[in-house]
Each structure stands twice: as structure tokens, then as C-alpha cells.
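Enquirer: Sharing a structure with you now.
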Amino acid sequence: MPGQKQITTTQATAVVISTAIGVGVLSLPFFASSLADSSAPLATVLGVVFVLIALALNTVVSLRFSTLSIVQYSEEVFGPWIGRMAGLGIAALFLGLTALAAREFGEIVTTTLLHRTPLEVILTLTLLMAAVSNRHDIATFAYIHSFYLPFILIPAFIMLTIALRYGDPFQVMPLYNGEWWGIAKGALLTASLFQGAFIITVLIPSMYRPRAAWIAVTLGMGIVGLLMVMAVVAALTVLGTEEAKQFFWPTLEVIRSMTLPGEILERIDVLLTIVWVVAVYTTLFSSYHLTVYVLGEIVRLKDHRPFALAVLPLIVGLALLPQDVHQLYRWIGRVGYFIDAASVGYPTIVLILAWLRGKRGRAADEGSTVAPPGGS
């Protein structure tokens, strides 16, 4: 519930990072190179900047109403009915996003690992795991992200650092190819793959030190940005720009071509797959949580748990709608632009109307009588 202080700054940072690093890390070089060509690294950097701006806007508005949830301050600014409709729109957007991310995960698993396992089984089990995990409170939500983060970041950075040694830097020249429209589209689509701008609105009402959300946002996206740029540069320098466009999941192809020093692992792509599965779980966990959290706030439930399993059949059904992977990625591209528009546009409108109407919540309680564990 909003107002209960349960999340430390370190945990908030972990949530921001593990939410942004997900299923899109394998397909990011494909999208970026298809739209921006050799300027894919530049498009990725601009995409990270866009997400950082979106996170900053959502942080500003959440700190203005630091004790209220996103639905509550929407009702405060827009009025009860419009505020609830806006919240419903956000929930619907992330419900669809969860379905598409789960379907992309299912496509990759059935193509590369479990060739004989029906897609429906993979989707149902994956989303069921996310649903069951969401039958816990915000403290458990933050703890799960914090627990899994080292298992994502450390192997990912090690593998990408090794991959960069195999690359040819001239493959990404020129860094700016003059195709500004392609770079802009690549940046926006890259930004949509990170998915995390609204998650900060869930965290701030429950943080011990709400204003420390700025640390979580800047540090979190700095780490995410570095990892994503490394993934794109590794794919383009190893495979080449044109070759990267031929694979839906270039990062996986790059890792498959690698060997660890001393040949510790015969197939390093197995390690990448394990890391990637964990990253996908935390991303789906966040988007699923945001969906049921907002729905719970709309109907005034003290606990969002009833929605955790209630929306499961709907998400599975939506995930099965795309006919093939080509249609799936067309839908991801279209939904991605809606995510970008909502991530920046919604908090901007709320801030403007709140300023014009003089609306403001209670000041952030930096002096909570409950000390954060470990002083974080």
C-alpha cells in the first residue's frame, strides 16, 4: 500500500535496472541496425537518454505527490472518473506489453532451446510464474529484483566484454551516417524496449527516502545504458551491420561464436540463455506487477493480489494473437511508440495541470521513524 515505507534506495535501483534489462536485449541490435544502420550505437544512446527523461518526468510528478499512487494523483489532478480512465489506459498498455514480451520470450525459447515444447505451454508457465510472484507485497517485489540482479549483471558484462574483443571497430563506421530520421526512429524503438519509466511511480510511495529515487533513476539507467550500448556495439562489430539485420536475435549469434578463455564452457550461449531467462522473468514480473497494481488502485482494493491470477488468461490469450514472429515484431514496434508517448506525455500533462490547478500532495517524509535496513 502507498505510504508504507519498505523500499531502500539500493532496492529501488535494482528494480529500475532489472526492469529495463529484459527480453529486448537479444533483439535490440536487430531493431537498432535495421532503422539506424551503422548509427545503431548512437540510436541506442539516444534511446537511453529518452528513457532517462521519461523516468525523470515520472519521478518529478511522483515526488510532487509522494504519498499517492499513480491512480490517486491522477484522480487528484484530472478528477475521479478521468483519473480512473487514465489509470485503466496505463494498465491496458502494460497488459499488452506483458503479453508481447512473453510471446517474444516464447518464440526465442521454442526456436533455440525447446523445439518440441508447444508455445502455449511455455507462455502459460512463464506468465503463471509472474502471476504467482505478484501475489506478494511491494517489499517482496523489491527483494526479488535485488536478489536476482547480480545474476543478471555480472555474467552479462563479462560476456559482452569478451565479445567486444572479437569485434572490428570499423564495422560501426561512420557513427553518424546522416540518416537522422532512421536514427530518431531507432532511438524511440530502443527506448520502448526498456519498458521501465512508469515503475518508479510504484516505488516512490513506499521508499524510505523518496527523494533518493533520483539516485535509483540516474545510476540505474546509467548501468542499463552501458550494458545496452555494449550489446549493440558487440553485435555490429562482430557480425557487421548488414549481417546483424539478418538475425532477429544478433546478441545470441555473437555469444554463440565466442569461447571463454581456457575453454571453461564448451557452449557459452548456454550461460547467456540462463542469464537472459532470469532477466526476462524480472522484466515480466515488473510489467505484470504494474498492471495489477494499477487495476487494484482503480477499484480501491487494499491488496492487488486478486488481479494477479484474474488477468492471467487474458494476457496468455493476447500473447497468442500474433500469427508469427514477423507480425509479433510489427506489433512490438507499434506498441513501443505508444509506450514512448505515454512515458513522456502522461507525466508532462499531469505536471502542467497540477501546476495550473495548484495541486500537490504531502511533502515526502524524509524523516521516517522506521530506519531502512542496512542504512541504504
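Enquirer: Failed condition for TYR281, given (1) at pLDDT below 90; (2) part of a helix (DSSP H, G or I); (3) of a type outside the set (Asp, Glu); (4) exposed (fewer than 13 other Cβ atoms within 10 Å of the Cβ), with all others met?
Expert: The one condition TYR281 does not meet is (4).
Enquirer: I've got another one for you. Looking at segment 212-245, which of its residues are within 15 Å of ALA43 (Cβ to Cβ) and either crowded, with 24+ Cβ neighbours inside 10 Å or of a type outside the set (S, T, N, Q) (or both)? Step through it out loud before you land on a result.
Expert: If we filter segment 212-245 for residues that are within 15 Å of ALA43 (Cβ to Cβ), which is where we start, we get 225, 228-233, 235-236, 241, 244-245.
Residues satisfying the conditions are GLY225, MET228, VAL229, MET230, ALA231, VAL232, VAL233, ALA235, LEU236, ALA244, LYS245.
Enquirer: Please determine, by comparing only the residues of segment 16-59 that are farther than 28 Å from TYR148 by Cα and not polar (S, T, N, Q), which one is surrounded by the most Cβ atoms within 10 Å (Cβ to Cβ). It would help to see each step written out before you state the result.
Expert: As a first pass, look at segment 16-59 and keep what is farther than 28 Å from TYR148 by Cα: 33-40, 42-43.
Next cut, not polar (S, T, N, Q) only: 35-37, 40, 42-43.
On the way: LEU35: 23, ALA36: 30, ASP37: 22, ALA40: 32, LEU42: 21, ALA43: 28.
This residue is ALA40.
Enquirer: Taking the conditions exactly as written (modelled with pLDDT of 85 or more and more than 18 Å from SER18 (Cβ to Cβ)), does GLY296 satisfy them or not? Lay out the reasoning, then the answer.
Expert: Working: modelled with pLDDT of 85 or more: yes; more than 18 Å from SER18 (Cβ to Cβ): yes.
For GLY296, the condition - modelled with pLDDT of 85 or more and more than 18 Å from SER18 (Cβ to Cβ) - is met.
Enquirer: I need the helices (runs of 4 or more DSSP H) fully contained in segment 22-121, keeping only those with at least 1 residues that are at pLDDT 90 or above. Walk me through how you get there before you give the answer.
Expert: Numbers: elements: 24-36, 40-64, 70-78, 80-112.
By residue number, 40-64, 80-112.
Enquirer: With the requirement that a residue be among the hydroxyl-bearing types (Ser, Thr, Tyr), out of contact with any Asp or Glu (no Cβ under 7 Å at 6 or more places or on another chain) and either farther than 30 Å from SER287 by Cα or in contact (Cβ under 8 Å) with a residue 24 or more places away in the chain (or both), what does segment 139-193 give you?
Expert: TYR143, SER146, TYR148, THR161, TYR166, TYR176, THR190 - these are the residues of segment 139-193 that are among the hydroxyl-bearing types (Ser, Thr, Tyr), out of contact with any Asp or Glu (no Cβ under 7 Å at 6 or more places or on another chain) and either farther than 30 Å from SER287 by Cα or in contact (Cβ under 8 Å) with a residue 24 or more places away in the chain (or both).
The values are calculated or read from the model by the stated rules, or taken from the named source; none is laboratory data. Because the structure is predicted, anything quoted here is derived from the model rather than measured. Heads up, the Cβs are rebuilt from the backbone with ideal geometry, glycines too, and the neighbour counts pull from every protein chain shown.
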